[in-house]
Amino acid sequence: DIHGPGGIIYVVATTFALFLAHDTCFYWSHRALHHPKLFPLFHRVHHDSVEPTPFTTFSFHPVESVIQDLNSLLALVILLVIPWHPASLVAFSLGVTLFNLLGHMGFEIYPRTWHRWPILGWKTTCYHHYMHHQRSGGNYGLYFRFWDRLCGTEFKDYEARQEALFARRFAQPEQTATSVE
């Protein structure tokens, strides 16, 4: 019962635990798929989309698809260890698809200062993953930035480029014209 002991807080906590576990599995397998011997065999198919679109979300080599499914299954092992509510599984399943689609939109939907917020700044933005498709050698995290930060794989100029992206987007027309001259 979602309204029973622990209630909604417990459902949110177990759902968050699923995302943390999945992000950990994803980060390490994704980073491994960028190894020079594995990338051309399995992951290049996904990176053929240098300009990602929502269709890129599902563009994988069959072997990589199996690896991604195993990542989800490993995260779901949590559900064998702790009591859970079906809402956690539904939220996780929908969230996996939603966050993947958002990461491959090709444009930013998060607020301008998202990466500066103490808690929300740990969540990847659309641009975080866009940079991954552009450069391919970093920003491996799916939901969170902490593995990239901890392992030194987040692009050093990510936040500065994020700021510049918004500065260009919200520049006044006369400022844009002046800065081009």
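The values are calculated or read from the model by the stated rules, or taken from the named source; none is laboratory data. Small disclaimer: the values here were computed from a predicted structure and weren't measured. Here the Cβ is made from the backbone with ideal geometry for all residues, glycine too, and neighbour counts use every protein chain on show. Ligands, DNA and RNA are excluded from the accessible area calculation, which covers all protein heavy atoms including side chains. Shrake-Rupley method; radii C 1.70, N 1.55, O 1.52, S 1.80 Å.
Here are some notes:
- Condition met for Leu120 (open to solvent by less than 60 Å² (accessible area, probe 1.4 Å), out of contact with any Leu (no Cβ under 6 Å at 6 or more places or on another chain) and within 22 Å of Phe166 (Cα to Cα)): no
- The stretch 79-105, subset in a loop (DSSP other than H, G, I, E, B) and in contact with a helix residue (DSSP H, G or I) (Cβ under 7 Å, 6 or more places away or on another chain), residue surrounded by the fewest Cβ atoms within 10 Å (Cβ to Cβ): Ile82
- Of everything in the stretch 17-37 that is without any contact (Cβ under 8 Å) to a residue 60 or more places away in the chain and buried (at least 16 other Cβ atoms within 10 Å of the Cβ), the residue that is farthest from Gln134 (Cα to Cα) is Ala21.
- In the stretch 125-177, the residue that is surrounded by the most Cβ atoms within 10 Å (Cβ to Cβ) out of those that are in a helix (DSSP H, G or I), modelled with pLDDT of 90 or more and aromatic (Phe, Trp, Tyr) is Trp147.
- Filter pass, Phe42 being under 15 Å from the mean Cα position of the chain (by Cα) and at pLDDT 85 or above: no
- Single match in Arg145, Arg149, Arg116 (criterion: touching a Ser or Thr at 6+ places or on another chain (Cβ under 7 Å) and among the charged types (D, E, K, R)): Arg145
- Residue match in the stretch 3-16 (condition: free of Cβ contacts under 8 Å to residues at least 40 places away in the same chain, among the β-branched types (Val, Ile, Thr), in a helix (DSSP H, G or I) and loosely packed, with under 14 Cβ neighbours inside 10 Å): yes
- Residues of the stretch 109-154 that turn out to be closer than 16 Å to Thr56 by Cβ, of a type outside the set (S, T, N, Q) and in contact (Cβ under 8 Å) with a residue 40 or more places away in the chain, as a count: 5
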